[in-house]
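Student: Structure in C-alpha cells, see below.
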Amino acid sequence: MTRITLRRPDDWHLHLRDGAMLKGVLPETARHFARAIIMPNLVPPVVTGDQAAAYRDRILAALPEGMAFEPLMTLYLTEGTDPADVAAAAASGLVKAVKLYPAGATTNSHSGVRDLKNVMNVLEKMAEIGLPLCTHGEVTDPQVDIFDREAVFIDTVLDPLRRRLPELRVVMEHITTEEGAAYAAEGGANLGATITTHHLIINRNHILVGGIKPHYYCLPVAKREKHRLALRRAATSGNPAYFLGTDSAPHVDALKEHACGCAGCFTATNTMPLLAHVFEEDGALDRLEAFASLNGPAFYRLPANSATLQLVKHEAPQTFPEKIFTEAGPVTVFNPGFPVHWHVET
Ligand code: DOR
Ligand code: ZN
C-alpha cells in the first residue's frame with residue numbers, strides 16, 4: 001500500500017450550475033477540494049458583482065452541514081460589462097477573475113464577446129488592478145476546423161491581446177494542444193494555464209472509435225494523442241505555469257445522450273484518484289502537489305491550503321459510482337477506461 005499526503009487541492013475551473021444540479025454536484029467537489037474558481041455560465045449568466053454575490057450565497061446554502069468549501073467567484077464578460085462594477089467586485093474580495101467566452105464557443109456562451117475591441121475598457125481596468133482574465137481559448141469562425149480552434153485563438157486573439165496589454169494576467173483555461181502548452185510555458189509570470197483531468201486521459205479516438213461516446217465529448221474537444229502526451233508532460237513537469245482546473249461540467253444523462261449532446265465531462269467525483277494514477281504512471285507523484293495544490297494559489301496570489309488530503313493506493317482496483325443521482329437527473333461520472341487503485345482516504 002502506498003500513501004501520499006498533499007496540501008488540500010483546489011479546482012481552478014469548475015461548473016457547479018444552480019438549483020437541483022448545484023445541490024447534487026457540490027458535495028462531490030467539496031469532499032476533496034478546499035476552493036474552486038466557479039464558472040459563471042449560468043442561464044442567465046453571472047455578469048455583475050451583485051449577481052456573483054447572490055450566486056455565492058446560493059452555493060454556500062447548498063453546502064451540506066459540516067463540509068467546508070470556499071467558492072471563488074468569477075464574472076462573465078459581456079460587451080456591456082461595466083469596468084467600475086468589475087473593479088468594485090474585485091476590491092471587495094468577492095470576485096477573483098473574469099471569464100472570457102467568445103460568443104458561441106460553448107455552453108451558454110451566446111452573451112459572450114464578439115469583438116475584443118468592445119471590452120478593451122474592462123481589460124484595461126483588469127490589467128491595472130491585477131485581476132486575472134480566464135479565457136475559453138477557441139475561435140468560433142465556422143471556417144476554422146474544430147480541432148484547430150485553440151491554436152488559431154492563440155495566434156489571432158490571445159497573442160495580439162497580450163502584446164497590447166502585457167500587464168493583463170491571463171489564464172488559458174483547459175488547454176488541449178501542444179501549441180497551448182508551449183505558449184503557456186513561455187508566457188512569464190502573467191500567464192498561466194489550467195489542464196483538466198480528462199484531457200490527460202482521453203484523446204479523440206476515445207470519443208469516436210467504436211461508436212460515439214457522448215460522455216467523452218467536451219469543449220475544447222480532445223485532440224490527437226500527441227497533444228494528450230504534451231499535456232501530460234506539462235502537467236507533470238512541476239512548471240508553475242500549469243495547474244489543475246477540472247472543468248468538471250455536469251449535464252444530466254438525457255442531454256448528453258442526445259441527438260445534439262451537450263459538451264462536458266463530469267470528473268469532480270474521481271479527479272484526485274485519477275490524477276494520482278496519471279502522475280504515478282509518468283513517474284511524477286512527487287509533482288502532483290505542485291499541480292493540484294500549489295501552482296494555482298501561487299498564480300492567484302492566495303495562500304496554499306494548510307489542511308491536507310491523503311491518497312492511498314490499494315492492491316485491489318477501487319470502485320467509483322458510475323453515476324450520481326441529482327434531483328435534476330442522473331449525471332454520469334467520467335470513466336477513465338482503466339482500473340484505478342488510488343482512493344482518497346477520508
Ligand atoms: O465541455 C465543456 N463544458 N466545455 C465548456 O467550455 C463549457 C462546459 C459546460 O458549461 O458545460
Ligand atoms: Zn468550463
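The values are calculated or read from the model by the stated rules, or taken from the named source; none is laboratory data. What you see is a predicted model; the values in this text were computed from it and never measured. Glycine gets a Cβ as well: all are built from the backbone with ideal geometry, and neighbour counts include every protein chain shown. The protein model used for the area step is the full one, side chains on, heavy atoms only, and it has no ligands, DNA or RNA in it. Shrake-Rupley method; radii C 1.70, N 1.55, O 1.52, S 1.80 Å.
Student: Applying the selection to the range 83-112, what residues are away from ligand 2 (no atom under 16 Å from the Cβ) and either among the aliphatic types (A, V, I, L, M) or under 18 Å from His174 (Cβ atoms) (or both)? It would help to see each step written out before you state the result.
Tutor: In the first step, residues of the range 83-112 are kept if they are away from ligand 2 (no atom under 16 Å from the Cβ); the result is 83-95.
Answer for the range 83-112, where residues must be away from ligand 2 (no atom under 16 Å from the Cβ) and either among the aliphatic types (A, V, I, L, M) or under 18 Å from His174 (Cβ atoms) (or both): Ala84, Val86, Ala87, Ala88, Ala89, Ala90, Ala91, Leu94, Val95.
Okay, residues lined up against (1) away from ligand 1 (no atom under 16 Å from the Cβ); (2) surrounded by 20 or more Cβ atoms within 10 Å (Cβ to Cβ); (3) not in a loop (DSSP other than H, G, I, E, B); (4) not basic (Lys, Arg):
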position: Asn41; (1), (2), (3), (4): no, yes, no, yes
position: Pro45; (1), (2), (3), (4): no, yes, no, yes
position: Arg58; (1), (2), (3), (4): yes, no, yes, no
position: Gly80; (1), (2), (3), (4): yes, no, no, yes
position: Ala87; (1), (2), (3), (4): yes, no, yes, yes
position: Ala90; (1), (2), (3), (4): yes, yes, yes, yes
position: Lys99; (1), (2), (3), (4): no, yes, yes, no
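Student: What number goes with the only condition from (1) in contact with a strand residue (DSSP E or B) (Cβ under 9 Å, 6 or more places away or on another chain); (2) open to solvent by 20 Å² or more (accessible area, probe 1.4 Å) that Leu131 does not pass?
Tutor: (2)
Student: While we're looking at this one, here's another question. Kindly indicate which of Asp286, Asp247 is under 16 Å from the mean Cα position of the chain (by Cα) and among the charged types (D, E, K, R).
Tutor: On the way: Asp286 fails: under 16 Å from the mean Cα position of the chain (by Cα).
Only one candidate qualifies: Asp247.
Student: For the structure I just gave you, tell me whether Arg169 is within 19 Å of Asn270 (Cβ to Cβ), under 19 Å from the mean Cα position of the chain (by Cα) and open to solvent by 10 Å² or more (accessible area, probe 1.4 Å). Give the derivation first.
Tutor: On the way: within 19 Å of Asn270 (Cβ to Cβ): no; under 19 Å from the mean Cα position of the chain (by Cα): yes; open to solvent by 10 Å² or more (accessible area, probe 1.4 Å): yes.
No: the conditions fail for Arg169.
Yes/no matrix, rows are residues, columns are (1) open to solvent by less than 20 Å² (accessible area, probe 1.4 Å); (2) among the charged types (D, E, K, R); (3) touching an Asp or Glu at 6+ places or on another chain (Cβ under 7 Å):
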| site | (1), (2), (3) |
| --- | --- |
| Ala20 | no, no, yes |
| Lys23 | no, yes, yes |
| Phe33 | yes, no, yes |
| Ile38 | yes, no, no |
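Student: I'm checking my understanding of the structure. Among residues of the range 217-246 that are in contact (Cβ under 8 Å) with a residue 60 or more places away in the chain and closer than 23 Å to Thr29 by Cβ, which one is surrounded by the fewest Cβ atoms within 10 Å (Cβ to Cβ)?
Tutor: Of everything passing the filter in the range 217-246, Leu219 is surrounded by the fewest Cβ atoms within 10 Å (Cβ to Cβ).
Student: Anything in the range 6-39 that is touching a helix residue (DSSP H, G or I) at 6+ places or on another chain (Cβ under 9 Å), part of a strand (DSSP E or B) and closer than 30 Å to His314 by Cβ? List them, or say none.
Tutor: Within the range 6-39, Leu6, Arg7, Asp11, Trp12, Leu14, Arg35, Ala36 qualify.
Student: Could you check, for the range 311-321, whether at least one of its residues is closer than 20 Å to Ala184 by Cα, surrounded by 17 or more Cβ atoms within 10 Å (Cβ to Cβ) and over 18 Å from the mean Cα position of the chain (by Cα)?
Tutor: No - not one qualifying residue is present in the range 311-321.
Student: Filter the range 247-257 down to the residues that are assigned to a helix (DSSP H, G or I) and open to solvent by 20 Å² or more (accessible area, probe 1.4 Å), then identify the one that is farthest from ligand 2 (Cβ to nearest atom). Walk me through how you get there before you give the answer.
Tutor: Residues of the range 247-257 that are assigned to a helix (DSSP H, G or I), as a first pass: 253-256.
Those left that are additionally open to solvent by 20 Å² or more (accessible area, probe 1.4 Å): 254-255.
On the way: Ala254: 21, Leu255: 16 Å.
For the range 247-257, the residue satisfying everything is Ala254.
Student: Something else: Among Thr81, Thr74, which is the only one that is of a type outside the set (Gly, Ala, Ser), in contact with a helix residue (DSSP H, G or I) (Cβ under 7 Å, 6 or more places away or on another chain) and touching a residue at least 24 places away in the same chain (Cβ under 8 Å)?
Tutor: Values: Thr74 fails: in contact with a helix residue (DSSP H, G or I) (Cβ under 7 Å, 6 or more places away or on another chain).
That would be Thr81, the only listed residue that is of a type outside the set (Gly, Ala, Ser), in contact with a helix residue (DSSP H, G or I) (Cβ under 7 Å, 6 or more places away or on another chain) and touching a residue at least 24 places away in the same chain (Cβ under 8 Å).
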